[in-house]
Each structure stands twice: as structure tokens, then as C-alpha cells.
Amino acid sequence: MSTVAAPSAPAPARSFRDVWLITLGHALTHWYPATFYLLLPIIGRELGLDYAQIGLIMTCQYVAGAIANVPGGVVVDTVGRKGVLMAISLFWVGFPYLLMGFSHGYLMLLGCVALVGFGNSLWHPTAIPTLARTYPERKGLVLSIHGMGGNAGDALAPLAVGALLTWMTWREVVVINVVPGLVMSITILALLGTLTLGSRHRKEDGSHQTLAEYLRGVPALFRNRSLVMLTTSSAFRSMTQNALLTFLPVYLAYEMGYSPFWVGAGMFALQAAGFAASPIAGHLSDRMGRRGVMTASMAMTAVVLVFMAFAGKTHAFVFFVAVLGFFLYAIRPVMQAWILETTPKNMGGTSIGILFGAQALGASIAPLLAGLIADRAGLAATFWFLAATIVIAILFILGMPKESFAKAS
């Protein structure tokens with residue numbers, strides 16, 4: 001009698017519970033910076049800061065992130081305990097904002113935001129490759145769900161903190177605000193503290209490797225033209241996003257005379273639209289290709305920014321804020337999925353670290369440049385600057401190698 005070898009059973013998929021837990025943690029890594037954007041106009045008035053000094057605050061945070069993201073990627077690619085790394089990152093993002101509540105000097109404030117930049121450097125290189133490798137056929141959708149967590153944190157924080165600021169000081173708010181991050185850090189440590197990709201994944205894609213193995217793969221990674229073009233494009237897109245996040249609440253407060261609550265509502269509109277766009281863009285990019293979705297979203301972002309510059313201090317300006325959020329945030333998961341498709345699997349953490357390092361570099365330059373422009377030409381002029389940066393980002397996408405077009409289309 002002949003015997004038939006039984007096919008090996010496929011490895012069981014990790015519970016989708018982990019996706020939602022990681023997404024919730026991601027929401028809180030965005031909750032804290034979103035809170036701070038709302039506090040910037042209040043802190044600026046209290047300390048008597050000009051626009052350039054306000055921009056320099058965010059520049060310090062993102063310079064720290066640019067420095068720390070690549071080393072953070074190295075740690076992720078050589079350490080297997082992904083859950084522990086995410087818990088550490090979340091705590092490290094939230095705790096410096098508590099310290100800000102006790103600071104009364106500009107230099108201390110700069111030091112605190114720099115610590116936030118260091119903490120953020122571990123989250124994305126850990127979470128994004130982990131989710132992408134666990135769901136390889138649906139990475140655009142899964143990463144968009146993760147991105148929705150960021151949008152939810154960005155959207156809800158200004159609304160909640162704007163309401164709190166109607167009857168509390170900003171220092172009291174930052175002290176209370178540390179609690180959710182602390183609770184979530186402990187939750188992630190308890191439920192995902194042993195999270196790795198499993199021995200099967202480690203054998204197949206080298207997601208956990210020795211430092212020597214890792215170092216042998218670094219030179220090829222930095223020769224990857226697709227990585228260079230995508231990260232450069234993302235850096236310019238990040239200039240657009242972070243200068244907008246820095247000066248949109250300032251514009252709403254200073255130029256349009258909105259109270260903290262209504263400034264928060266405006267920021268909520270920006271992020272809520274992004275929350276809706278993220279899964280749509282992720283799903284479409286899985287089905288239709290990354291390139292077309294990214295190019296269309298960036299082009300529409302530039303058009304809306306020009307409309308905002310013309311709208312000025314009108315109700316139409318607030319409408320365009322919501323439209324802008326839909327297109328500006330749609331491409332984040334698409335960019336991340338494309339990066340992971342054009343780089344080796346065993347270098348996923350470093351690839352995402354390079355991506356976010358480039359984004360942090362762009363984010364560190366843009367608020368200061370926008371502040372200098374606002375000091376000289378008025379706050380409305382910053383929207384022309386933002387439109388120019390997103391157009392440059394499109395040009396780098398159009399310059400992607402043809403083989404990358406084939407993979408992503």
C-alpha cells in the first residue's frame with residue numbers, strides 16, 4: 001500500500017486581538033503629541049515666544065527622533081521581545097509630558113520634547129514590521145488599521161484636552177494626562193510582553209537575528225534606491241504634516257480668535273477625516289497598487305492647501321481643514337507597506353526606522369522654517385510653503401525605479 005504524506009498544517013494566525021491592542025497603543029503614542037500641539041499657543045503666550053521659538057520646540061522633538069530612529073530600528077531587528085519594546089516606547093513617550101507640567105523655562109521645555117522624540121523611535125520600527133509580517137497578504141489594510149489608531153489619538157486628544165482647558169490649567173492637564181499612557185503600557189507589557197513572531201517566522205525571514213547577521217545586511221539596504229526615494233518623499237510629506245500641526249492651532253487661536261475648545265474641534269476635524277481615509281487608502285493600495293493611491297492623495301493635499309491659503313479667515317478655511325485631513329493622512333499606511341515590500345524582511349525594523357528617521361528630519365526642519373516665514377510674511381504664508389513641500393514629495397514618488405512600480409502597481 002502506498003502512503004501519502006500529510007501536508008504540514010499552516011501556522012496558525014495570531015489572534016486579531018493583538019492588532020487592536022497594538023493599534024490602541026499606537027493611538028496613545030499620538031495622543032500625547034496631539035495634546036501638546038493644542039497647548040503650544042497657550043505655552044507660547046505664557047513664555048512670550050515668537051513664531052520661530054514655537055517652531056523650534058517641535059524642531060527639537062523631531063531632531064531627537066531623527067537621531068534615535070535608526071538605532072531604534074537596530075534594536076528592533078536584533079531583539080525578539082516586541083511587546084516589551086512597545087511598552088517601553090509608550091511609557092517613554094508619555095512620561096516627559098508629565099515633566100513639562102513642572103517646568104517653567106524654555107530650555108527645560110526643549111529637553112522634555114527631545115525625550116519624547118527618543119521614546120517614539122521604538123514604537124513604529126517595532127509595531128509596523130510585526131503587523132506586516134503577521135498579515136503579509138493584507139499588510140495595507142492591517143497597517144491602515146494601525147494608522148487609524150494614530151488618527152484616533154490625534155483626533156480625540158485635542159477635543160478632550162480642549163474641553164479640560166476650559167476649567168483647568170495646562171499644567172494640571174499634563175499631569176492628569178500621564179495616566180492613560182501608564183495604564184496602557186502596563187496592559188501591553190502584561191498581554192504582549194512575550195510577543196515575538198514565533199520560531200517559524202524567525203527561521204523563514206530572519207526577523208530575529210544576531211548583530212553580526214544584521215550588520216552584513218546593512219550595506220545593501222542603504223544601496224536600495226527604492227528606499228532612498230520613498231524615505232526622501234516621506235521626509236517632505238512629513239514637513240507638510242508637522243508644520244501644519246504646529247501652526248494650524250496657532251492660526252486658529254491667534255488669527256481666527258478661537259477658544260481652546262474650538263481649536264481642539266478644528267484639529268479633531270483634521271484627524272477624523274484622516275481616520276476615515278486610512279482604511280480606504282490601505283485597502284485600495286492592496287488592490288490597485290501603492291503608487292497611484294499615493295500620487296493622487298499627495299496631489300489633492302497640495303490643491304487643498306492652496307485653497308486654504310486663499311480662503312484666509314473665513315468659514316471655508318475650516319471646511320478645507322477637514323478635506324485636507326482626508327488626503328494628507330491617507331498615504332501613511334501605503335508608504336509603510338511599500339517600504340516593507342521593497343526592502344529585505346529581516347531588515348524591516350531598520351527600514352521603518354530609516355523611514356521615520358527621515359520623517360523626523362523633515363519634521364524637525366519644517367516648523368522652524370514655517371515659523372520664520374510666519375514672522376516675516378504672516379501665518380497665512382505658511383500654507384504656500386506647505387503646498388510646495390508636498391509637491392516636492394510627489395516628484396520623488398514619480399522618480400521611483402520601474403521595478404518598484406511593477407511591485408506596487
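The values are calculated or read from the model by the stated rules, or taken from the named source; none is laboratory data. Keep in mind the model is a prediction, meaning the values are calculated, not measured. A quick note on method: Cβ atoms are made from the backbone with ideal geometry, for glycine too, and the neighbour counts reach across all protein chains shown. Surface areas here come from the heavy atoms of the whole protein model, side chains and all, with no ligands, DNA or RNA. Shrake-Rupley method; radii C 1.70, N 1.55, O 1.52, S 1.80 Å.
Out of Ala68, Ala127, Ala155, report the one residue that is surrounded by fewer than 24 Cβ atoms within 10 Å (Cβ to Cβ), in a helix (DSSP H, G or I) and of a type in the set (Gly, Ala, Ser).
Answer to the selection: Ala68.
With the structure loaded, tell me whether Ala366 is aliphatic (A, V, I, L, M) and outside any helix (DSSP H, G or I) or whether it fails that test.
no
Considering only the stretch 98-117, I want to know if a residue exists there that is open to solvent by 10 Å² or more (accessible area, probe 1.4 Å) and touching an Asp or Glu at 6+ places or on another chain (Cβ under 7 Å).
No, every residue in the stretch 98-117 fails to be open to solvent by 10 Å² or more (accessible area, probe 1.4 Å) and touching an Asp or Glu at 6+ places or on another chain (Cβ under 7 Å).
With the structure loaded, tell me whether Ser121 is assigned to a helix (DSSP H, G or I), touching a helix residue (DSSP H, G or I) at 6+ places or on another chain (Cβ under 8 Å), modelled with pLDDT under 80 and within 25 Å of Leu355 (Cβ to Cβ) or whether it fails that test.
Considered against the rule, which asks whether it is assigned to a helix (DSSP H, G or I), touching a helix residue (DSSP H, G or I) at 6+ places or on another chain (Cβ under 8 Å), modelled with pLDDT under 80 and within 25 Å of Leu355 (Cβ to Cβ), Ser121 comes out as yes.
Tell me which of these Leu49 doesn't satisfy, since it passes every other one: (1) of a type in the set (A, V, I, L, M); (2) open to solvent by 10 Å² or more (accessible area, probe 1.4 Å); (3) assigned to a helix (DSSP H, G or I).
Leu49 satisfies every listed condition except (3).
Sort through Arg14, Arg45 and tell me the only one that's basic (Lys, Arg) and at pLDDT below 75.
One residue alone meets the criteria, Arg14.
Looking at (1) modelled with pLDDT of 85 or more; (2) in contact with a Leu (Cβ under 6 Å, 6 or more places away or on another chain), which one does Met347 not meet, given that it meets all the others?
So Met347 meets the others, but not (1).
Criterion first (in a helix (DSSP H, G or I) and either of a type in the set (Ser, Thr, Tyr) or in contact with a strand residue (DSSP E or B) (Cβ under 8 Å, 6 or more places away or on another chain) (or both)) does Ser89 satisfy it?
Yes; evaluated as a whole, the condition is true for this residue.
Among what's in the stretch 357-378 and is open to solvent by less than 10 Å² (accessible area, probe 1.4 Å) and at pLDDT 85 or above, pick the residue that is farthest from the chain's Cα centre (by Cα).
Within the stretch 357-378, the match that is farthest from the chain's Cα centre (by Cα) is Ala374.
Count, please, the residues in the stretch 163-186 that happen to be open to solvent by less than 80 Å² (accessible area, probe 1.4 Å), more than 20 Å from Leu47 (Cβ to Cβ), touching a residue at least 40 places away in the same chain (Cβ under 8 Å) and over 22 Å from the mean Cα position of the chain (by Cα).
So the count comes out to 1.
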